[in-house]
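Read through the structure below, which is laid out as structure tokens, and then see the notes.
The values are calculated or read from the model by the stated rules, or taken from the named source; none is laboratory data. The shown structure was predicted, so the numbers you read here are calculated from the model rather than taken from an experiment. So basically every Cβ, Gly included, is an ideal-geometry build from the backbone, and we count neighbours across all protein chains shown.
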Amino acid sequence: MGTIAILGTMDTKGEEHAFVANLIRQRGHQVLVIDTGTLDAPKLKPDITRLEVAAAAGVDFAALIARKDRGEAVAAMSQGAPAMLARLARERRIDGVISLGGGGGTAIGTAAMRALPIGFPKLMVSTLASGNTAQYVGVKDIVMFPAVVDVAGINRISRQIFTRAAGAICGMVESVPTPGDDKPLIVASMFGNTTDCVQAAKRILEAAGFEVLVFHATGTGGRAMESLIESGMVAGVLDITTTEWADELVGGILGAGLTRCEAAARHGVPAIITPGCLDMVNFGAPATVPAQFVGRTFYQHNPQVTLMRTNAEECAELGRILAEKINLSTAPVTVFLPLKGISVISAPGQKFHDPVADRVLFTALKSFLRQDIPVVEMDCAINAPEFARACAERLLAQISRPAQA
């Protein structure tokens, strides 16, 4: 059987965590109690104390408590708990983790869980689980289990919730995936407007013996892809659709954060980068488009999604940003430019066709790019079969050669 970490504020939620610990032991698993409390003495004896958790973040716990700032204390534990939990997982001392909490406990517990790899069992019983949990889950597979009532004692409702949650984490730990004949991984970014390109390249890469995971470039998809690259599981990156940077820059709804396009560069993973769909910024229904964009060129993708064409000024900045991200690369990387359209709707005759804006984008990208990074310009649109083949074949060649010094 396994060892399940029970992480939480054992001063304020000790009784509830003790209840769950007993249920887990009844299933035959061991428990490892980690205390992240900062107020009174713990009501459940921890195996790893709050002092040790604080020390993992480089925090002097005595000085922290003396300041009597609960916000600062929660922040410190939110830094120490991830370091502690990640170390325990690396050392194979735990096989899963469960935590119970309100606002502060959820912040600490999920911060710790986000430090664990995808596939590692993690369950958060939270009073916040029925709302927007994006800030707590991030791009990891954290199970958010609604507490329904406050985590404040054992009663007829909490008893049911905690019992099911304990059973759930035990079941997750017991359900070990059978090893498969896993192939080396390549990740790719895709939008509806680059589907033909990515699917064609995917077939070539799979025929060469790789498994290709495709991520939808909707903000969450880009962050998830970057996280997987950082995990060390990825052999190559086919970043055809860097569109999330347009939303990040202009203020659309699908931005992926300021570190998008950095993971492959910083972790030495071979990559192909194209400015796919940087011609568009995503908004919701037409009524949601900010008034400052009146007069711009729009395309109604569907009733819920309105696309806005990036202009020349924005494209110049996007070219600079993309180049600066690519310049961080330590592994082989190539930039591919489809000169006749960076999306379906920017091709000649389509609504977003703007050769001036595209030219500004390409020029800026090339002018800010490191001189030793190759740029391949092709006289075709991004979804042309020859463009997909060229990208796939170059990526395969890059994977087969060592990283640059």
Handout entry: Failed item, numbered, when Ala166 is tested on (1) surrounded by fewer than 13 Cβ atoms within 10 Å (Cβ to Cβ); (2) farther than 25 Å from Glu230 by Cα; (3) out of contact with any Asp or Glu (no Cβ under 9 Å at 6 or more places or on another chain)
Key = (1)
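When region 130-151 is examined, which residues are found to be over 19 Å from the mean Cα position of the chain (by Cα) and either free of Cβ contacts under 8 Å to residues at least 60 places away in the same chain or farther than 24 Å from Asp11 by Cα (or both)?
Matches in region 130-151: Ser130, Gly131, Phe145, Pro146, Ala147, Val148, Val149, Asp150.
Say whether the condition of being surrounded by fewer than 20 Cβ atoms within 10 Å (Cβ to Cβ), farther than 25 Å from Phe283 by Cα and of a type outside the set (Asp, Glu) is met by at least one residue in region 243-255.
Residues of region 243-255 that are surrounded by fewer than 20 Cβ atoms within 10 Å (Cβ to Cβ), as a first pass: 249, 251, 253.
When the remaining residues are screened for being farther than 25 Å from Phe283 by Cα, the result is none.
No, region 243-255 contains no residue that is surrounded by fewer than 20 Cβ atoms within 10 Å (Cβ to Cβ), farther than 25 Å from Phe283 by Cα and of a type outside the set (Asp, Glu).
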Handout entry: Tally, over region 261-295, of residues that are closer than 20 Å to Glu314 by Cα and out of contact with any Ser or Thr (no Cβ under 9 Å at 6 or more places or on another chain)
Key = 6
Practice task
Please work out which one of (1) without any contact (Cβ under 8 Å) to a residue 60 or more places away in the chain; (2) more than 25 Å from the chain's Cα centre (by Cα) is the condition Pro338 fails and give its number.
Solution key: (1)
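Would you confirm whether any residue within region 192-209 is closer than 26 Å to Lys122 by Cβ, polar (S, T, N, Q) and surrounded by fewer than 16 Cβ atoms within 10 Å (Cβ to Cβ)?
To start, the set of residues in region 192-209 that are closer than 26 Å to Lys122 by Cβ comprises none.
So far as region 192-209 goes, no, none of its residues is closer than 26 Å to Lys122 by Cβ, polar (S, T, N, Q) and surrounded by fewer than 16 Cβ atoms within 10 Å (Cβ to Cβ).
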Exercise for the section: Identify all residues within region 63-92 that are surrounded by fewer than 21 Cβ atoms within 10 Å (Cβ to Cβ), farther than 21 Å from Ser231 by Cα and of a type in the set (A, V, I, L, M); write none if there are none. Expected result: Ala63, Leu64, Ile65, Ala66, Val74, Ala75
Exercise for the section: Could you please give the count of residues in region 24-55 that are surrounded by fewer than 19 Cβ atoms within 10 Å (Cβ to Cβ) and closer than 21 Å to Asp95 by Cα? Expected result: 10
Practice task
Could you list all residues from region 325-353 that are crowded, with 20+ Cβ neighbours inside 10 Å, part of a loop (DSSP other than H, G, I, E, B) and either not assigned by TED's automatic domain parsing to the domain that holds Leu238 or not small (Gly, Ala, Ser) (or both)?
Solution key: Pro332, Ile342, Phe352
Practice task
Determine which member of the set Ala381, Ala390, Ala357 is in a helix (DSSP H, G or I), of a type in the set (Gly, Ala, Ser) and under 14 Å from Ser343 (Cβ atoms).
Solution key: Ala357
Practice task
Please state which of the following conditions Gln304 fails to meet, knowing it meets all the rest: (1) at pLDDT 95 or above; (2) under 25 Å from the mean Cα position of the chain (by Cα).
Solution key: (1)
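Residues that are buried (at least 21 other Cβ atoms within 10 Å of the Cβ) and in the same structural domain as Lys366 (by TED's automatic domain parsing): does region 285-298 have at least one?
We begin by selecting, within region 285-298, every residue buried (at least 21 other Cβ atoms within 10 Å of the Cβ); these are none.
Looking through region 285-298, none of the residues is buried (at least 21 other Cβ atoms within 10 Å of the Cβ) and in the same structural domain as Lys366 (by TED's automatic domain parsing).
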Exercise for the section: Could you check, for region 328-348, whether at least one of its residues is out of contact with any Gly (no Cβ under 6 Å at 6 or more places or on another chain), farther than 16 Å from Ala217 by Cα and at pLDDT below 95? Expected result: yes
